[in-house]
Amino acid sequence: MTLTVLQPAQVLSPQLEIAGGRRLAGELRVSGAKNSALVLMTASLLTADALRLRNVPPLTDILGMGDILGSLGVGVQRSADSLVLDGSGLNQSSPPYELVNSLRASFFCIGPLLARLGIAQVPLPGGCQIGTRPVVEHVKGLKTLGAQVTIDHGVVSAVVPGRRRRLTGGRIHLDCPSVGATETLMMAAALAEGETVIDNAALEPEVIDLAGLLSAMGARIRGAGTTTITIEGVERLHGADYAVIPDRIEAGTFLLAAAITRSRLRVGPVIPEHLGAVLTKLEDVGCKLTMDGSTLEISADEIRAVDLRTQPFPGFPTDLQAPFMSLLATAQGTSIITENIFENRLQHVAELQRMGAAIRLQGNTAFIEGVPRLSGAPVQGSDLRASAAMVLAGLAADGVTTVQGLEYLDRGYADLEGKLNGVGASIRRLP
Ligand code: UD1
């Protein structure tokens, strides 16, 4: 038997090599929203008709959700940026642990599975790099709709008692405005008997997008985008053809790419209301912003310090906290960032420090003293948005930065290096 000895280059995971310090110019195209598309895909479980989703981003998370739906009997076909999901063959109520474990959003299947089949067994998603990610609110709400739920050996088993196995509408008060719980319960309630009211619902644009799709499928939903959502259950839902909203987090990342390189870029399509708090902070640090149709033009020169706290929508999104910190690491003055949503979402601080950033951590608060230049270094992204923060820092740093952890980056950004290279960045994917 001959053994192959792996050379160092072969054991390294793929990485991005960024030659920093270049000005960017041109236009960046924003893909469809990952977080919206993932949830809209699970809505295919609610109907036996075909559902066509357009503007679906080409991401590994989307492939993962396709695999999960496929394992339940849903037909999944992709062409260009469209997905056709055919729920007529749905024959399983229990997605396998190996698939669910790698994609937290797959837990949201439990709502539509229960609504359509009256039974679902979905493994608990567990924690992830940024925090514990409980699903207490999802489970509490499903119980209010009449499901019997038990959690055993890491699997949530839910069943609707009675001959018809149909959920019954009810009044749900969420203790915290969880995006995933709001979405899970909207889907469950869409096929329930009678009216459901969700109080303290999440206000995120992705919730409104889901309401848009469900309405196009024949659901009766009012109030999405407010704290009270009312759903009048219907007997059945039908197919629909629906376009996913643009990704506000990818758009925000591109705007930050302009800001950190002190460049002028056009970014679109953008729905400015989805980015309200982010645009305000970009203006506060000194960026100039102009809307031109659905394209946002940004130009940046001097960047000054600003304080920010992450909050549920319409507050500043936790998903842009790490990328914004990269920018503030290069600002004039001292900024304070407080992370209020996830308990372990400041791991990028240590990596930014390796690039010369002057950041002090105290609990969930980071004190960032801007430095004139970051310096290129090998760094590791600890989660999706932390990886994006490293790429941004690399764009602005002196010398070469290598970013590892691309398995995270590829989950949420479609061809990030290709898009940034198109506006003048110098990024190579290795090996
Ligand atoms: C979604 C997004 C994620 C984003 C997050 C917050 C998707 C696929 N993911 O995640 O990118 O960072 O919203 O904007 O859409 N919580 C509880 N109990 C629960 C559920 C949640 O205490 O039962 C807490 C969480 O610990 C967290 C906060 O609520 O502190 C927000 O979580 P949630 O809105 O549920 O996030 P996700 O829907 O998982």
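Every number in this text was worked out from the coordinates using simple rules, so none of it is lab data. The structure displayed is predicted, hence computed values, not measured ones. Virtual Cβ from ideal backbone geometry, glycine too; neighbours counted across all protein chains shown.
Can you give the Kirkwood hydrodynamic radius for the chain, in Å, rounded to one decimal and based on Cα pairs?
About 22.3 Å for the chain.
Sorted from fewest to most neighbouring beta carbons within 10 Å, what does the list 408, 97 look like?
97, 408
Below 8 Å between Cα atoms, with a sequence gap of 6+, how large is the relative contact order for the chain in percent?
Numbers: 1071 pairs, mean separation 85.3, N = 431.
Relative contact order here is 20 percent.
From largest to smallest, what semi-axes in whole angstrom does the range 235-325 give when each is the square root of 5 times an eigenvalue of its alpha carbon gyration tensor?
28, 16, 10
May I ask what percent, to the nearest 5, of DSSP beta bridges between residues of the range 34-243 are antiparallel?
Numbers: 28 of 37 bridges.
Roughly 75 percent of the beta bridges in the range 34-243 run antiparallel, per DSSP.
How big is the antiparallel share of DSSP beta bridges in the range 218-345, given as a percent to the nearest 5?
70 percent
Could you list which residues have their amide H under 5 Å from that of residue 155, counting only those 5 or more apart in sequence or on another chain, with H placed in the peptide plane?
124
Separation between the residue 353 and residue 132 pseudo-spin-labels, each 7 Å from Cα along Cα→Cβ, expressed in nm?
Output for this residue pair reads 2.6 nm.
For the chain, please report how many Lys pairs fall under 26 Å Cα to Cα, leaving out neighbours fewer than 8 apart on the same chain.
Lysine pairs, 8 or more places apart or on different chains, close enough: 4.
Which ³J(HN,Hα) values in Hz, rounded to whole numbers, follow from the phi angles of the range 43-59 under the Karplus curve 6.51 cos²θ - 1.76 cosθ + 1.60, where θ = phi - 60° and Gly and Pro get x?
Along the range 43-59, the couplings run 5, 5, 6, 7, 9, 8, 8, 7, 10, 10, 10, 10, 6, 8, x, x, 10 Hz.
Got a sec? How would 140, 288 order by Cβ neighbour count within 10 Å, fewest to most?
Fewest-to-most ranking of 140, 288: 288, 140.
Once fully extended, how much extra length lies between residue 305 and residue 84, figured as 0.36 nm per residue of separation less the alpha-carbon to alpha-carbon distance?
The span from residue 305 to residue 84 would gain 75.0 nm if fully extended.
Calculate one ³J(HN,Hα) per residue across the range 188-202 by plugging θ = phi - 60° into the Karplus curve 6.51 cos²θ - 1.76 cosθ + 1.60, and present them in order as whole Hz with x for glycine and proline.
So the Karplus estimates, Gly and Pro as x, are 4, 6, 4, 10, 6, 8, x, 9, 10, 10, 10, 9, 6, 6, 5 Hz.
Expected output is a single nm value to one decimal: the length gained when fully extending between residue 27 and residue 340, i.e. 0.36 nm times separation in residues minus the C-alpha distance. What is it? Before the final figure, lay out each step's value.
Working: separation 313, 0.36 × 313 = 112.68 nm, distance 3.29 nm.
Using 0.36 nm per residue and subtracting the Cα-Cα distance, I get 109.4 nm.
What's the extension gain from residue 165 to residue 332 if we count 0.36 nm per residue and subtract their Cα-Cα distance?
54.0 nm
Tell me the label-point distance for the pair residue 297, residue 220, using the 7 Å Cα-to-Cβ offset, in nm and rounded to one decimal.
In this crude label model, residue 297 to residue 220 measures out at 4.8 nm.
Across the Cα atoms of the range 34-243, what radius of gyration and what greatest pairwise Cα-Cα distance (Dmax) are found, in Å?
When restricted to the Cα atoms of the range 34-243, Rg and Dmax are 15.2, 43 Å.
Hey, fewest Cβ within 10 Å first, where do 159, 391 land in order?
Numbers: 159 17, 391 27.
The most exposed by this proxy come first: 159, 391.
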